[in-house]
Amino acid sequence: MNPTRRGPIASFFVGLWDVMNFTRRLIVNFFFFGLLFLFAVLFLAAIAGGGTRPLLDRTVLVIAPQGALVEQYTSDPVSRALGKAFGDRGGELQLRDVLRALDRARTDKRIERVLLHVDDLQAGGMASLREVAAAIARVRESGKEVIAFSEQMDQKQYLLAAQANQVYLDPMGQVMLEGLSRYRQYFREGLQDKLGVDVHLFKVGTFKSAAEPYILDAASPAAKEADLFWMNDVWQRYLGDIARARRLDLAQLNAMINTMPQGVLAAQGDLAQLALRQKLVDGLKTRQEVWDLLRGRGEADDDADGGFRQIGLDAYLAHLDEGLPGVGGGKHVAVVVAEGEITGGDAPPGKVGGDSTSELLRQAHDDDNVAAVVLRVNSPGGEVFPSEQIRREVERLKASGRPVVVSMGDVAASGGYWISMNADRIYADPSTITGSIGIYGVVPTIPRALAKIGVHTDGVGTTPYAGAFDLTRPLDPQVGQVIQSVIDKGYRDFTGRVAKARGRSVEQIDAIAQGRVWSGAQARERGLVDAMGGLQVALDDAAVRAKLGKRGDYRVRYIEKTPTPFERFFQGMAQSHLGAGLLRESDLARTLLARAAPQAARDLAFLERAATDRRGAPVKAVAYCFCGL
């Protein structure tokens, strides 16, 4: 029997389908083999370009950080490796890495001097900056020369540069010390009068001002009073640090800042000359002139930028990591970082998750080799229940006989203080922002907004309160009483736990709570913090409590989410010299790998997330402080 013959139309479409199918397979194969070839080349590059170059004597350590100074990376290793390979200037730099590089350079005989160029540093809070400034000062005091150069510096970057033996500014540059401020936008008129959105605020604490922008048109007198009190303390400490480093009279420095317009006019608008006259810098030099100076004082290297022997921060850290012994099976101090907003569930690095951060503390608890734990807190707070989850794990660690010491970073306020209060000892920098012991809740309702466009809500419920939390309906006053009762209970829990943890009466804690924010020094005076000191001081304390010896005798391990094998593999390839070069120059690599690499999720705004993710709870209390600088 002969097979059925296709007609001309059917043959055309069958042929067209075969061509399309062939084209599809061809494209997929090109993509697959192209990606396979790229990874093979990068793998060979990692092998050929792996390892670090020898660190020679008379080397200048160049610290020119680009990006934000953070306690913990917020992006995955692959994204960071790709960013560095492509020359991304908006990355992140861990505070711990800067500190250990500076502290090691102080005693490293191969490092002759340090060059600081901090113009691209997106500086964090004052507490972390003061830790870096202190580390730079220790390098200078060790007898090694520190030279700072800048083309444009803000006042936070200048705090670091001021610690140098010599500070040089580009003749077209500027340094301007303007003071600290905290201004926010207020939305009451726009939300309520213009849009018809009614925002209902429930809180405890006269000074708990985090949600004021949603119900007021300007800051309340209480908020202004509290903010100015702690900000003046931080600012005067900043000026004291500058005056000591630059050997300036504090009163004269204050006067120069307060008469800035007159000074600028006298310098005919030349801000570089003004900085030189005010002795904020030692000279005006271009980048090339600073390079020539370093070449003359150090060892020439025609192959290096600037013509002098040097090593960058990342390369120096790689040298330190190569010679770093593993923690092994011995007793050690574990560090758990709690940075960012506190939210429920599992949160990525750079956020504090009730489940994920608790899991890190449980890992420390279950590891018999962990002799003590330092909880490094840099958080403005967040949701109450996740904060309580973490606090309970701190209590559990203490009950196991392991000391827990808290080291506060730039901010450990509200929920950030909640997770800290039960530690055996709490350390803070004098400029840390802390306190803000208070609770609030925000409930927006939009029936008036909907009415403006002719939309109305109606229906029935089996009880008077069924559907009471529907934001399209007006808020029943009795439901408002329910919410306020929940907030009141949260505040009683907060102040009661603080009182028990700090050995004070509830009345004593209430007097310094009420949502009020304090600097670290002010918190120490009021018994909320035990002592002043940075991360290293907290580590030393924890080691002594665990009988591990003094600094240099004990080992430290950070307990964090570990990267996947693929992330570690790709990071190593991208950081090799050949691999980085291929990524930087290859458009194909940019396209393929940028699509394949995991990207850090962009989180929604904190209040929106807290309002929408209730997990079945109609009312959610929040302990959060919008108190950063």
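Read-outs: derived from the displayed coordinates by stated rules, not from any lab. These numbers come from a predicted model, not from an experiment. Every residue, glycine among them, receives a Cβ derived from its backbone with ideal geometry; neighbour counts consider all protein chains shown.
Couple of notes before you dig in:
- Contact order, relative form, for the range 93-246: 18 percent (alpha carbon pairs under 8 Å, 6 or more residues apart, mean separation divided by residue count).
- Packing rank of 17-23, 237-243, 200-206, where each peptide gets the mean count of other beta carbons within 10 Å, highest leading: 200-206, 237-243, 17-23
- Local net charge near residue 238, Cβ-Cβ under 13 Å (Lys/Arg +1, Asp/Glu -1): 0
- Relative protection proxy for 93-103, 401-411, 265-275, 224-234, from highest mean packing down: 401-411, 93-103, 224-234, 265-275 (other beta-carbon atoms within 10 angstrom).
- 24 Å Cα-Cα reach of residue 194 towards lysines, excluding residues that sit fewer than 8 places from it in its own chain: 452
- Each other residue within a Cβ distance under 12 Å of residue 367 adds +1 if Lys or Arg and -1 if Asp or Glu, for a net charge of +2.
- Selected from 278, 267, 209, residue furthest toward positive end of dipole (the range 166-284; charges at beta carbon): 278
- Relative contact order for the range 289-416: 22 percent, from Cα pairs under 8 Å spaced at least 6 residues apart, divided by residue count.
- Estimated D of the range 160-256 in µm² per second, where Rh is the Kirkwood radius over Cα pairs and Stokes-Einstein applies at 37 °C, 0.692 mPa s: 193
- Count Lys and Arg as plus one, Asp and Glu as minus one, and take only other residues whose Cβ is under 12 Å from that of residue 209; the net charge is then +3.
- The DSSP beta bridges internal to the range 362-447 are antiparallel in roughly 0% of cases.
- Charged-residue dipole, Cβ positions (Lys, Arg, Asp, Glu), the range 139-211 about Cα centre, Debye nearest 20: 440
- Less than 5 angstrom separates the built amide H of residue 473 from those of 446, all sequence-distant by 5 or more or on a different chain.
- Relative contact order of the range 368-500, pairs being alpha-carbon contacts under 8 Å that are 6 or more residues apart, as %: 21
- Debye intensity ratio I(q)/I(0), log10, the range 287-375, q values 0.19 Å⁻¹ (C-alpha model): -0.91
- Per-peptide packing, taken as the mean over residues of other Cβ atoms within 10 Å, places 379-386, 130-137, 428-435 in the sequence 428-435, 379-386, 130-137 from highest down.
- Cross-link partners of residue 156 among lysines (Cα-Cα below 18 Å; sequence separation of 8 or more within a chain): 279
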